[in-house]
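Everything below concerns the one structure shown next.
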Amino acid sequence: MTQAADSRVAHLPTTQYFCPSGDYDEMWRRADQDPEGFWGEQAMDLDWFKRWDKVLDWKVPYARWFVGGKLNLSYQCLDRHMKTEVKNKVAFHWEGELGDTQVLTYAELYRLTNNYAAALKRLGVKRGDRVALYLPMIPALPIFMLACARIGAIFTVVFSAFSGQALADRVEDVEAKIIVTSSGMHRRGKILPLKDNAVEAAKKCPCVEKIVVVKHTGHNVEMDPARDVWLNDLLAGCDEYVEPEHMDSNDPLFVLYTSGSTGKPKGILHGTGGYSLWIAKTMQWAFNTDKKTVWWCTADIGWITGHSYVVFAPLELGLTSVMYEGAPDYPTLDRWWQIIAKYGVTILYTSPTAIRMFMRHGEEWPAKHDLSSLRILGSVGEPINPEAWLWYYRNIGHERIGISDTWWQTETGGFMISPTPGIQPHFLKPGSATKPMPGIVPAVLDAEGKELPNGETGFIVIKKPWPGMLLDIYHNPELYQKTYWSRFPGYYLPGDYCMKDQDNFLWLLGRADEVIKVAGHRISTAELESAIVGHSAVAEAAATSRPDEIKGEAIIMFVTLRKGTPPSVEIKNELTRHLRATIGTLATPEEIFFVNLLPKTRSGKIMRRLLKAVATGATIGDTSTLDDGASVDEAKAAFAELSAGSHHYKSGERNPETKPMP
Ligand code: PRX
């Protein structure tokens, strides 16, 4: 598993960063040697209703930060700004896909959060109750998150491209009593019927008492008066101030479902005090934010990036943000660059998939617009290849500003490894997330848990707890222990490959487990498999991935059909529809192979490396099968059988005899 540092790596100076304010090495050392002293000092920047008794209580695998402290995140984001000049500053410049806009100042956001909190209370939502938020990128989503935080209700945001069934799975697991949704959402000129999906979920989940509907699209929506209520009706008379609950630092704030090694997504549980501190500090450090920052994180709030860095951290820091509802290429490929010029965005934080998509369409689109307001760029969600990094650096940053490539996860709450121009700029290498944040102590281990020398690839682990660390997996402490803490006891296991180069720069090299990253979205092979075998024509299935030029990875599925269903394009399309209906559009397979048998070892384990080799068109080398525990001969025989006997269909492919679909 040795990989030398990329020879194309250029050492780029970052003197363009403004106002570095510290000494990175010194700060990192301090946080490592005296974490309680360091974090205790940092936490003084938050407003506490009651100061903590103890900075850290660490009993593997549970870290409890600021034990005994009381605070409220909606207070951090709003109330405390009401006493300062931030009060009348713009919190969000919102822009809809249709070009409609809304400006929300901090004062207005504060007023609305109180109103929404009163409305939730009127529905009987109490501290500790769960609320599911299934909304597109409209202002109601951050407002409901803040309102839940205010009254101590645990919220779970479900990405709006998930299907009704996927929503139901999450609502059921978290036992939400309310689903908040919108009439629909705009996507590339179409209206998607979110409310219908919410109804499907509510019918499957007896825990749901009410669906609150935000009117966003103009189409007709059927309402069941016993269950459904329009937000506007609910808000009538809800204009009072709502006292923020005094939450314990370790009280849960939200549950966010993400994919792992099991068929069902797991509910990542985040707390209040440590999380609030971690996201605000890491944002300052990675992006050197200041009063004049106009921040645009393009992530959907349905993912952790949106939770931490669209909603909470920018508001804690009193920044002005841009929030955009629609697709990046709608109606034209320069929509994003128009937005940057229009609002004078100073920091753009986006994904490698988006960058690669723009790269494919050519530099003439950004070149049409004035991007001179930008002073830092960011990247997140998947490894960024050096070509995309350099394209971004040249065509968006015009070779004058640096890129903070931030490596982190749903579980980590905030950035873990990233350049830190807000502390001290260091040189950058395209494709490397560079150095750990203060408080993050990573190591690269081999399969036996031995620390590897620089230059070799292995598993990244984090040796010490940090304030943004997840509290638990919701209702599943065994899975929490097993997933993150059992392979290398005492160390947190993120599940990524990593290499530390000779300059101690870290290169995050993708997932080491059965998680696929499609356009930066996390989905597990087990989830895809369990969804597809739910179709009556499928006997057995295995999912794998193939590198994709734009999306990073594409889903490839191997399926054995039940007797009586021959392989055809129709069944392939039917299975694709089934996957999209069970999970959502991100589960669309690029290709489906129909095979007579899935290749398995004598002990019955699917030979995943072999499937990957077939999917990528690689040959079977001696090492490629070792991880599966299969012998090379066994694997070669299975490979020959697969290559000879499979029918495969690519996405969008049709039988020659069938007519194109309308
Ligand atoms: O594999 C890593 C990849 O995304 C995974 C976490 O996915 P998720 O929980 O959905 O959070 C995405 C947003 C933080 C990681 O295990 N990943 C994320 N950022 C990077 C990355 N891989 C390489 N470089 C990154 N900057």
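We did not get these values from a lab; they are worked out from the coordinates using the rules stated. Because the structure is predicted, anything quoted here is derived from the model rather than measured. All Cβ positions, glycine included, derive from the backbone under ideal geometry; neighbour counts span all protein chains shown.
Values as computed for the structure displayed
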{"quantity": "Of the GluC sites (Glu not before Pro) in segment 193-268, those whose Cβ has at most 11 other Cβ within 10 Å and which sit in DSSP loop", "calculated": "Glu222, Glu240"}
{"quantity": "Average Cα contact separation per residue, segment 400-514, under 8 Å, 6 or more apart, as relative contact order %", "calculated": "24"}
{"quantity": "Rounded to whole Hz, the Karplus (6.51, -1.76, 1.60) HN-Hα couplings of segment 300-314, x for glycine and proline", "calculated": "6, 5, x, 10, 4, 4, x, 4, 6, 10, 9, 9, 7, 4, x"}
{"quantity": "Interchain or long-range residues, amide H under 5 Å from His216's placed H", "calculated": "Ser183, Gly184"}
{"quantity": "19 Å Cα-Cα threshold exceeded, pairs from Lys435/Lys463; Lys482/Lys612; Lys59/Lys463; Lys195/Lys215; Lys83/Lys291", "calculated": "Lys482/Lys612"}
{"quantity": "Mean Cα-pair separation over length for the chain, i.e. relative contact order, pairs under 8 Å, 6 or more apart, %", "calculated": "14"}
{"quantity": "Segment 315-325 - phi-based ³J(HN,Hα) in whole Hz, Karplus 6.51/-1.76/1.60, Gly and Pro as x", "calculated": "6, 4, 7, x, 8, 9, 10, 9, 10, 10, 6"}
{"quantity": "Spatially proximal lysines relative to Lys121 (Cα-Cα < 20 Å; intrachain offsets below 8 disregarded)", "calculated": "Lys177, Lys210"}
{"quantity": "For Pro136, net neighbour charge (Lys/Arg +1, Asp/Glu -1) across residues whose Cβ lies under 12 Å away", "calculated": "-1"}
{"quantity": "Amide proton proximity set for Asp129, modelled H, under 5 Å, gap of 5+", "calculated": "Ile154"}
{"quantity": "Segment 37-190 - Kirkwood radius from inverse mean 1/r over Cα pairs (Å)", "calculated": "17.7"}
{"quantity": "Footprinting exposure proxy for Glu387, Glu514 (fewest neighbouring C-beta atoms within 10 Å first)", "calculated": "Glu387, Glu514"}
{"quantity": "Relative contact order (%) - criterion: Cα under 8 Å, at least six apart; region: segment 549-614", "calculated": "41"}
{"quantity": "Evaluated over the chain, the Cα radius of gyration and Dmax, each in Å", "calculated": "24.6, 74"}
{"quantity": "For Thr544, Thr588, order by how many other beta-carbon atoms lie within 10 Å, fewest first", "calculated": "Thr588, Thr544"}
{"quantity": "18 Å tail of the calculated P(r), segment 163-222, as % of Cα pairs", "calculated": "31"}
{"quantity": "Distance (nanometres) between label positions extended 7 Å along Cα→Cβ at Gln502 and Ala447", "calculated": "2.9"}
{"quantity": "For Leu428, residues with placed amide H under 5 Å, excluding near neighbours", "calculated": "Leu12"}
{"quantity": "Karplus 3J(HN,Hα) series, Hz, for segment 442-455 with 6.51 cos²θ - 1.76 cosθ + 1.60 (x for Gly, Pro)", "calculated": "x, 8, 10, 10, 8, 4, 8, x, 8, 5, 8, x, 3, x"}
{"quantity": "For Ser530, net neighbour charge (Lys/Arg +1, Asp/Glu -1) across residues whose Cβ lies under 13 Å away", "calculated": "-4"}
{"quantity": "Sequence of Trp485, Trp39, Trp65, Trp278 once ranked by neighbouring C-beta atoms within 10 Å, starting from the fewest", "calculated": "Trp485, Trp39, Trp278, Trp65"}
{"quantity": "Computed FRET value (nearest 0.05) for Phe49 with Arg400, which takes r as the C-beta separation and R₀ as 51 Å", "calculated": "0.70"}
{"quantity": "Sum of side-chain charges, Tyr480 neighbourhood, beta-carbon under 9 Å (Lys, Arg +1; Asp, Glu -1)", "calculated": "0"}
{"quantity": "Three-way shape call for segment 405-480 based on the alpha-carbon gyration tensor, with the a/c threshold at 1.5", "calculated": "oblate"}
